[in-house]
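In what follows, a single structure is set out as structure tokens and then discussed.
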Amino acid sequence: MTMLELIYSATHHRVSWAERSDRDVLLALRDGDEEALDELIGRKTKPLVQLCQRILGDLEEARDVVQVTFFKVWENRTKFDERWSPNTWIYRIASNLAIDHLRSRKSRERSHEPVRQHMLHVAAASSSRDLASLQHGEVAGIFRELSAGLSEKQRMVFLLREMEGLSSPEVAGILGCRESTVRNHLFNARKVLRRELVRRYPEYAAGFTLGAGDGEVAE
């Protein structure tokens, strides 16, 4: 094969991958195609890092979890069922790993809790700017503080539904629960976040939007 033919073949292969759906990529990966794994990594690294960073609050830890996620995807590739949503399957693996990592970290941090609380208190006391001046990182920091009052499921539902923009059926699939449970967790999460926002950051409360109503009714 000539050099020109090699270049054409490589370019044509890249184009063919780009034209294939996530489901097609996962089916190829299920059959052991390592190039399908490379394609999946290229497509999903950024959104998965974003999700895991929101769960963990740390970019480097999020990247580590995403690396493990792709390892787990490859390791469990034969378990993928084409009836499943690709995003639901991948997000479930990533979110479970991130939650496990967070639990492990929390157990290590318990001895440092007094110092952490002092730092949160100082951060809250120094907040006196308009909402418009908040940077993305500051908003994320405020959410991390406020969400300490949420249950694990409430936090995950709020992150996936409101911050990742997934639908209620997708969130239910990732968390392995009913859609009605997702709606209830979301309702309660919004209620807790609004209450804590007003209590801790009254100067920001009017400008914050925690999501429009989703027709949910608290249990």
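Kindly provide the set of residues from the range 43-52 that are closer than 16 Å to Asn96 by Cβ and open to solvent by 50 Å² or more (accessible area, probe 1.4 Å), ordered by number.
Within the range 43-52, none qualify.
I need a count of the residues in the range 53-78 that are farther than 12 Å from Ile90 by Cβ, under 15 Å from the mean Cα position of the chain (by Cα) and of a type outside the set (D, E, K, R). Don't jump to the end; show me each part of the working.
Residues of the range 53-78 farther than 12 Å from Ile90 by Cβ: 53-65, 67-68, 71, 75, 78.
The next check asks that each one be under 15 Å from the mean Cα position of the chain (by Cα); those that pass are 53-65, 67-68.
In the following step, the residues that additionally are of a type outside the set (D, E, K, R) were identified as 53, 55-57, 59, 62, 65, 67-68.
Residues meeting the conditions: 9.
Is it the case that Glu219 is open to solvent by 60 Å² or more (accessible area, probe 1.4 Å), acidic (Asp, Glu) and modelled with pLDDT under 90?
Working: open to solvent by 60 Å² or more (accessible area, probe 1.4 Å): yes; acidic (Asp, Glu): yes; modelled with pLDDT under 90: yes.
Judged against the criteria, Glu219 is a match.
Cβ-Cβ distance below 6 Å, separation of 6 or more or different chains: which pairs start in the range 188-204 with a residue that is hydrophobic (A, V, I, L, M, F, W, C) and modelled with pLDDT of 80 or more and end on one that is open to solvent by 10 Å² or more (accessible area, probe 1.4 Å) and outside any helix (DSSP H, G or I)?
That search, which allows pairs on different chains as well, returns Ala189/Leu150; Val192/Leu150; Leu193/Leu210; Leu197/Phe208.
Leu131 versus (1) at pLDDT below 50; (2) open to solvent by 80 Å² or more (accessible area, probe 1.4 Å): which is the lone unmet condition?
Of (1) at pLDDT below 50; (2) open to solvent by 80 Å² or more (accessible area, probe 1.4 Å), only one is false for Leu131: (2).
Which members of the range 61-83 meet the condition of being hydrophobic (A, V, I, L, M, F, W, C) and open to solvent by 40 Å² or more (accessible area, probe 1.4 Å)?
Quick first cut of the range 61-83, residues hydrophobic (A, V, I, L, M, F, W, C) only: 62, 65-66, 68, 70-71, 73-74, 80.
Passing the criteria: Val68, Phe71, Trp74.
The values are calculated or read from the model by the stated rules, or taken from the named source; none is laboratory data. As the structure is a computational prediction, the values presented were derived from the model and not from experiment. No Cβ is skipped: glycine too gets one built from the backbone with ideal geometry, and neighbour counts run over all protein chains shown. Side chains included, ligands, DNA and RNA excluded: accessible areas come from the protein's heavy atoms. Shrake-Rupley method; radii C 1.70, N 1.55, O 1.52, S 1.80 Å.
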